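The values are calculated or read from the model by the stated rules, or taken from the named source; none is laboratory data. Please read these numbers as outputs of a predicted model, since none were measured by experiment. Neighbour counts are summed over all protein chains in view; Cβ atoms, including those assigned to glycine, are modelled from backbone coordinates with ideal geometry.
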Amino acid sequence: MWQALTGCISVTANLKRRGVACDIGCSRCGAEEETVNHVLFRCPPARQAWALAHVPVGLQNFPTESVYANVDHFLGRNNPGNRVDFFPWLMWYIWKARNAKVFENRDEHPDEVVRLAEGEASSWLQAQMDDGDLEGPPAGSPLSRTPRGNTVLLSSVYLGYRCFVDGSWKESDVFSGAGWCCTSVQRESPLLGATNYRRSLSPLHAEVEAFMWAMRCMIGHDIREVTFLTDCSDLVKMVSSPHEWPAFAPYLDDIKMDREEFSSFSLIYVSRNANVRADSLARKARASSHHILFVNDFPPN
């Protein structure tokens, strides 16, 4: 954000002032000059992203011709945009969408930009929280209000489905293990799942495969509004920015297709201490000497 306010980011108008010979037009909308304010706030795809994030967009209040006024729109208790707690992440992902167009000629839909920003903001918050803070931050703190109506914090009054998922891998074992635990206030007891399969290439492969299996189990149970929770931060990053993980492209393509089956979907990071049940199921499955597959009836011992 400070780079945007100090004019340090490399929009074409800035590059020309530094003596770089380039077309100063906007690659996303064709505007005559690409400025910092234009890229982050005034460009039509950026305006759509802010609107999808429920920031009132109009001629008088936001966005204005001043990058300072636009950022100030989100700062301060009484300012109109102060409820959009994840606005720094949205600025970042709008900038990344611009770069995707400039360097890869790839268009990113504003709705996807907002979803990625929300997910990254939620993952960051979870990473800052101590294990004892898993019930969420104090009321009124940044990100304590859920953006766009999706519950992403571990609140005790959460009404949807939470699916904790984990993969287990050990180089000396024959199998990798996968486990998940799905909870909801609508059910007295959680749904449980555990399976094993021939050892994956790496621990991260095991995490991805466990996540894919958990998604398909939720689809099979016709549970279509799910927050998935994992203690693997790389998995969250991978799903948020799949183009940055080309080695996992076949997995990520399958994940993208499976996501279409959900009416509400999110994947967030939690500490390992918050994921002990899924971890235990995955470890038990991995340690088994034969193939197993249990859904909701995994033996206690």
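Which one is nearest to K96 (Cα to Cα), of the residues in the stretch 9-32 that are within 34 Å of the chain's Cα centre (by Cα) and not in a loop (DSSP other than H, G, I, E, B)?
T12
Can you list residue pairs whose Cβ atoms sit under 7 Å apart, with the first residue in the stretch 279-294 being in a helix (DSSP H, G or I) and the second being among the aromatic types (F, W, Y)? Count only pairs 6 or more apart in sequence or on different chains.
Here the result reads L281/F298; R286/F175, each pair linking the stretch 279-294 to a residue that is among the aromatic types (F, W, Y).
Among N78, N82, N105, which is at pLDDT 85 or above and of a type outside the set (D, E, K, R)? Walk me through how you get there before you give the answer.
Working: N78 fails: at pLDDT 85 or above; N82 fails: at pLDDT 85 or above.
Exactly one residue qualifies, and that residue is N105.
Being free of Cβ contacts under 8 Å to residues at least 60 places away in the same chain and on the phi > 0 side of the Ramachandran plot is the requirement here; does G25 meet it? Explain how you work it out, then say what you get.
Working: free of Cβ contacts under 8 Å to residues at least 60 places away in the same chain: yes; on the phi > 0 side of the Ramachandran plot: no.
Here the answer is no, as G25 does not meet what is asked.
Looking at the stretch 170-189, which of the residues that are in contact with a helix residue (DSSP H, G or I) (Cβ under 8 Å, 6 or more places away or on another chain) and surrounded by fewer than 23 Cβ atoms within 10 Å (Cβ to Cβ) is nearest to F211 (Cα to Cα)?
Here the answer is K170.
Might you let me know whether the stretch 283-296 holds any residue that is over 23 Å from P203 (Cβ atoms) and surrounded by fewer than 18 Cβ atoms within 10 Å (Cβ to Cβ)?
Looking through the stretch 283-296, at least one residue is over 23 Å from P203 (Cβ atoms) and surrounded by fewer than 18 Cβ atoms within 10 Å (Cβ to Cβ).
If you check F62 against the conditions, is it modelled with pLDDT under 90, crowded, with 19+ Cβ neighbours inside 10 Å and in contact with a Pro (Cβ under 9 Å, 6 or more places away or on another chain)? Lay out the reasoning, then the answer.
Numbers: modelled with pLDDT under 90: yes; crowded, with 19+ Cβ neighbours inside 10 Å: yes; in contact with a Pro (Cβ under 9 Å, 6 or more places away or on another chain): yes.
Yes: the conditions hold for F62.
Determine if the stretch 209-217 includes at least one residue that is within 21 Å of S122 (Cβ to Cβ), among the basic types (K, R), at pLDDT 90 or above and in the same structural domain as R162 (by TED's automatic domain parsing).
no
Would you please list the contacts, defined by Cβ atoms under 8 Å and residues six or more apart or on different chains, that run from a residue in the stretch 245-262 that is hydroxyl-bearing (S, T, Y) to a residue that is not in a helix (DSSP H, G or I)?
none
Right, V57: at pLDDT below 80 and assigned by TED's automatic domain parsing to the domain that holds R28 or not? Give the steps one after another, and end with the answer.
Details: at pLDDT below 80: yes; assigned by TED's automatic domain parsing to the domain that holds R28: yes.
Yes, satisfied.
Considering each of S280, S241, S271 in turn, give the residue that is surrounded by fewer than 20 Cβ atoms within 10 Å (Cβ to Cβ) and closer than 30 Å to D107 by Cα.
Working: S280 fails: closer than 30 Å to D107 by Cα; S271 fails: closer than 30 Å to D107 by Cα.
So the residue among S280, S241, S271 that is surrounded by fewer than 20 Cβ atoms within 10 Å (Cβ to Cβ) and closer than 30 Å to D107 by Cα is S241.
When the residues of the stretch 33-63 are narrowed to those that are small (G, A, S) and not in a helix (DSSP H, G or I), which ends up farthest from E108 (Cα to Cα)?
Taking the stretch 33-63 first, the residues small (G, A, S) are 46, 49, 51, 53, 58.
Among the residues that remain, those that are also not in a helix (DSSP H, G or I) are: 53, 58.
Details: A53: 16, G58: 23 Å.
Result: G58.
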